[in-house]
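The values are calculated or read from the model by the stated rules, or taken from the named source; none is laboratory data. The model shown is predicted, which means the values in this text are computed figures rather than measured ones. Note: ideal-geometry Cβ built from the backbone for every residue, glycine included; neighbour counts use all protein chains shown. Only protein heavy atoms, including side chains, enter the accessible area calculation; ligands, DNA and RNA are left aside. Shrake-Rupley method; radii C 1.70, N 1.55, O 1.52, S 1.80 Å.
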Protein chains: 4
Amino acid sequence: MTSPRPSQAELAAFLQAEFPQTRCTLEALDDDGSVVVAHPVGLAELRPGGTVSGPVMMTLADVALYVAILAQIGIVPLAVTTNLSINFLRKPRADRRLVARCRLLKLGRTLAVGEVYVFSEGEDEPVAHATGTYAIPRA
Amino acid sequence: MTSPRPSQAELAAFLQAEFPQTRCTLEALDDDGSVVVAHPVGLAELRPGGTVSGPVMMTLADVALYVAILAQIGIVPLAVTTNLSINFLRKPRADRRLVARCRLLKLGRTLAVGEVYVFSEGEDEPVAHATGTYAIPRA
Amino acid sequence: MTSPRPSQAELAAFLQAEFPQTRCTLEALDDDGSVVVAHPVGLAELRPGGTVSGPVMMTLADVALYVAILAQIGIVPLAVTTNLSINFLRKPRADRRLVARCRLLKLGRTLAVGEVYVFSEGEDEPVAHATGTYAIPRA
Amino acid sequence: MTSPRPSQAELAAFLQAEFPQTRCTLEALDDDGSVVVAHPVGLAELRPGGTVSGPVMMTLADVALYVAILAQIGIVPLAVTTNLSINFLRKPRADRRLVARCRLLKLGRTLAVGEVYVFSEGEDEPVAHATGTYAIPRA
């Protein structure tokens, strides 16, 4: 375990190391503990008709939750998702990145719970909303 | 809309056309309406430490639900996920495919609800369990 | 269906008529569409040890969602919950009312999705967070 | 903590002591670990139009999960629900009891996950399906 509050650069580096295939990028780490993570939208994310694939939004929500928790507890690679529930609200734009904003609702000793809003970049109305729970390994 | 009950080959072809990037494959379409969908597990699905990435399981669950619904209502590309909730139960094996078995709990005119068990191939205990809702477009 | 935007008094009256056994009360109906609903906490809501029963919080969340939707679409008694997911975050206080604040994330023609924060009255940290989906009957 | 595997009578007695207001009754405790819990349906559970109130089904699902976990881990009154997600599938009958069948999907050291099917007694198709997570206190 590293320092309890990693910097944005440390988190971004960890994200690349832990998920080498990820296309998610850490965009912001706010003082209030919320984080912003983005995902590009291109051919690999689109289905015929210009719909962004649901799993792309789930992936983004899961990574945003993970990063928000690590931003608080330090870089603990063993934290694992136990539950994720997502509501798909609107069709995302095919020509914009997806941007997720996550904040924690609870940070306990063994469980952390957070919520994530996913937007097409620059839009006001969310395209998806997720809540998730992570189990935090005992020290 | 095609015939209400597509064959396994028709569903498999649609899956490839609709999700050209997918690595999911349709393995079985049972008489009781349940479907089996698999996903390979290799370097692209693993995180350091040999954990299968959560989003891979979410993707598999989402595709299994979609296929199970299309198996009943016919190939309707506009059906969209409205909600997916997944519980991660055990660490999947790094050396086995993931196999999802989905059956529908409800098939209404506007909503379909299904549940999915995800296994490491050949194992008895599920690694994840999901429920999801799809909105069915009006004819 | 009555007028699209009922008053707080109309909603409160409907709540009593539709759920004659309910102990939930409508406290506020804000201009931005969010609603506040409360539930008393007394012997009937407590379990040994002073824990507020989980179903009380689920009931409150469900009613808050219902009222928030009716506040937008008018009093349509046939709207039904299709999905509710709740995370219990902290132990509520035994000596305070529960207060739920609900706002809608989406109001479509056939589905409405909202989120609810539940607090012990006067506290800053939520004791529970729920999201729910209601099916709206066709006109 | 009492013996790890309480009898049906011990569980029924605990249920009455822990939830003195409950109308849920323990009907069966099967060898495979699944439990059956029932709830009467009468004026207190019905809304105008003969619909069984959603919170009644949520309450029943929550109690069934709790009992299924206690049946495995012994009577540990501090186990608490952390998450419950329910899909409402069909309108229950107004003239039948609700019967919930719960089985555990995972029983870990700190978390237990189960699923619940809710039926109108004697019917084949479930009226609701829930999954829930309980946190198990450390010994």
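Observations on the structure shown:
- Taking the criterion of being within 19 Å of C:ARG47 (Cα to Cα) and open to solvent by 70 Å² or more (accessible area, probe 1.4 Å), the residues of the range D:20-32 that qualify are D:PRO20, D:GLN21, D:ARG23.
- Of all the listed residues (C:ALA68, C:ALA17), the sole one being open to solvent by less than 10 Å² (accessible area, probe 1.4 Å) and either at pLDDT below 90 or in contact with a Cys (Cβ under 9 Å, 6 or more places away or on another chain) (or both) is C:ALA68.
- Filter pass, B:GLY108 being out of contact with any strand residue (DSSP E or B) (no Cβ under 8 Å at 6 or more places or on another chain) and more than 23 Å from B:PRO6 (Cα to Cα): no
- Flag for D:VAL67 being of a type in the set (A, V, I, L, M, F, W, C) and touching a helix residue (DSSP H, G or I) at 6+ places or on another chain (Cβ under 7 Å): yes
- Restricting the range A:84-111 to residues that are in contact with a Pro (Cβ under 8 Å, 6 or more places away or on another chain) and among the aliphatic types (A, V, I, L, M), the residue that is farthest from the other protein chains (Cβ to nearest Cβ) is A:LEU98.
- Scanning the range B:112-133 for residues that are of a type in the set (Ser, Thr, Tyr) and at the interface with another protein chain (Cβ under 10 Å from one of its Cβ atoms) gives B:TYR117, B:THR131, B:THR133.
- Restricting attention to the range C:33-60 and to residues that are under 19 Å from C:ALA9 (Cα atoms) and among the hydrophobic types (A, V, I, L, M, F, W, C), the residue that is most open to solvent (accessible area, probe 1.4 Å) turns out to be C:VAL36.
- Residue count for the range B:99-124, restricted to those that are within 11 Å of the chain's Cα centre (by Cα) and either among the hydrophobic types (A, V, I, L, M, F, W, C) or modelled with pLDDT under 95 (or both): 5.
- Note on the range D:1-60: among residues that are in a strand (DSSP E or B) and over 15 Å from the mean Cα position of the chain (by Cα), the one that is farthest from the other protein chains (Cβ to nearest Cβ) is D:VAL52.
- Any chance B:ILE73 is in contact (Cβ under 8 Å) with a residue 24 or more places away in the chain, more than 10 Å from every other protein chain (Cβ to nearest Cβ) and not hydroxyl-bearing (Ser, Thr, Tyr): yes
- Pick from the range C:71-85, criterion outside any strand (DSSP E or B) and not β-branched (Val, Ile, Thr), ranking: surrounded by the most Cβ atoms within 10 Å (Cβ to Cβ): C:ALA71
- Here D:LEU78 clears all of (1) without any contact (Cβ under 8 Å) to a residue 60 or more places away in the chain; (2) more than 10 Å from chain C (Cβ to nearest Cβ) except the condition numbered (2).
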